[in-house]
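The values are calculated or read from the model by the stated rules, or taken from the named source; none is laboratory data. Given the structure is predicted, the values throughout are model-derived calculations rather than measurements. Backbone-built Cβ (ideal geometry, glycine too); neighbour counts: all protein chains shown. Ligands, DNA and RNA are stripped out before the accessible areas are found, and what is left, the full protein with its side chains, is counted by its heavy atoms. Shrake-Rupley method; radii C 1.70, N 1.55, O 1.52, S 1.80 Å.
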Amino acid sequence: MTNQLLIAETEERFGDAVMQAQLAALAVRVMLGIATSWKLTNAEGAGLFGITRYKWSNLKSGQWTGVFNQDQLTRVALLLRINDALHELFPDDQADRWPRQATQNPILNGKSLVQAMVHGGIPFIIQTRNYLESDVARLKKLDSAARTSR
């Protein structure tokens, strides 16, 4: 399964137990990858992905088996898209640091992106995804125009 499959599956209803188990396994890998890249604390990881700290600890230690609800899978898909957009906009090390940096952006109110997304939940995570993906689209359009004008 690829990251794109995870995104596609969570954007529509998911069905049988086998598919849910496959999505859960992929979601755990994505969650832990983002958590490692962004250097999330246990509270941040649990908050971003909409799970308890207990479940987060079990995920990190490999002790958890089960499935995620649609809300949780949606969070994973959105955060994956945010991570992908950051890596298209910035060099890898900066893309991984950026979510934790406090900013002067009035929308974030002096918080880091991670703090704002934990506090704002899915609506703010969606807003962040839309904002970053529009930046990626603008960047690609500018790059395409620059190549055409050569």
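Looking at region 84-96, is at least one residue of a type in the set (D, E, K, R), in a helix (DSSP H, G or I), at negative phi and exposed (fewer than 12 other Cβ atoms within 10 Å of the Cβ)? Looking for residues that are of a type in the set (D, E, K, R), in a helix (DSSP H, G or I), at negative phi and exposed (fewer than 12 other Cβ atoms within 10 Å of the Cβ), one finds at least one in region 84-96, hence yes. Residue-level analysis places residue 99 outside the set of residues that are open to solvent by 20 Å² or more (accessible area, probe 1.4 Å), under 27 Å from residue 23 (Cβ atoms) and part of a helix (DSSP H, G or I).
Could you say which residue among 72, 127 is farther than 16 Å from residue 34 by Cα and either open to solvent by 80 Å² or more (accessible area, probe 1.4 Å) or part of a helix (DSSP H, G or I) (or both)? Just a single option satisfies the conditions, and that option is 127.
Filtered by the rule that a residue be open to solvent by 10 Å² or more (accessible area, probe 1.4 Å) and outside any helix (DSSP H, G or I), region 102-123 gives 102, 103, 104, 105, 106, 107, 108, 109, 110, 111. Annotation: of all residues in region 44-69 being part of a helix (DSSP H, G or I), among the hydrophobic types (A, V, I, L, M, F, W, C) and more than 14 Å from residue 113 (Cβ to Cβ), the one that is nearest to the chain's Cα centre (by Cα) is 49.
Test residue 80 against the criterion of being more than 22 Å from residue 29 (Cβ to Cβ), out of contact with any Lys or Arg (no Cβ under 6 Å at 6 or more places or on another chain) and either of a type outside the set (A, V, I, L, M) or assigned to a helix (DSSP H, G or I) (or both), and give yes or no. Considered against the rule, which asks whether it is more than 22 Å from residue 29 (Cβ to Cβ), out of contact with any Lys or Arg (no Cβ under 6 Å at 6 or more places or on another chain) and either of a type outside the set (A, V, I, L, M) or assigned to a helix (DSSP H, G or I) (or both), residue 80 comes out as no. Just one of the numbered conditions (1) surrounded by 16 or more Cβ atoms within 10 Å (Cβ to Cβ); (2) in a helix (DSSP H, G or I) is not true of residue 33: (1).
Residue-wise test of (1) more than 25 Å from residue 137 (Cα to Cα); (2) at pLDDT 90 or above; (3) touching a helix residue (DSSP H, G or I) at 6+ places or on another chain (Cβ under 9 Å); (4) surrounded by 14 or more Cβ atoms within 10 Å (Cβ to Cβ).
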{"position": "7", "(1), (2), (3), (4)": "no, no, yes, yes"}
{"position": "14", "(1), (2), (3), (4)": "yes, no, yes, yes"}
{"position": "18", "(1), (2), (3), (4)": "yes, no, no, no"}
{"position": "38", "(1), (2), (3), (4)": "no, yes, yes, yes"}
{"position": "43", "(1), (2), (3), (4)": "yes, yes, yes, no"}
{"position": "53", "(1), (2), (3), (4)": "yes, yes, yes, no"}
{"position": "56", "(1), (2), (3), (4)": "yes, yes, yes, yes"}
{"position": "66", "(1), (2), (3), (4)": "yes, no, yes, no"}
{"position": "78", "(1), (2), (3), (4)": "no, yes, yes, yes"}
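I'm checking my understanding of the structure. Among residues of region 107-150 that are under 30 Å from residue 46 (Cα atoms) and at pLDDT below 85, which one is nearest to the chain's Cα centre (by Cα)? Filtering first and then ranking leaves 108.
Going by the structure shown, is residue 143 more than 27 Å from residue 18 (Cβ to Cβ), part of a helix (DSSP H, G or I), out of contact with any Cys (no Cβ under 8 Å at 6 or more places or on another chain) and free of Cβ contacts under 8 Å to residues at least 60 places away in the same chain? Here the answer is yes, as residue 143 does meet what is asked.
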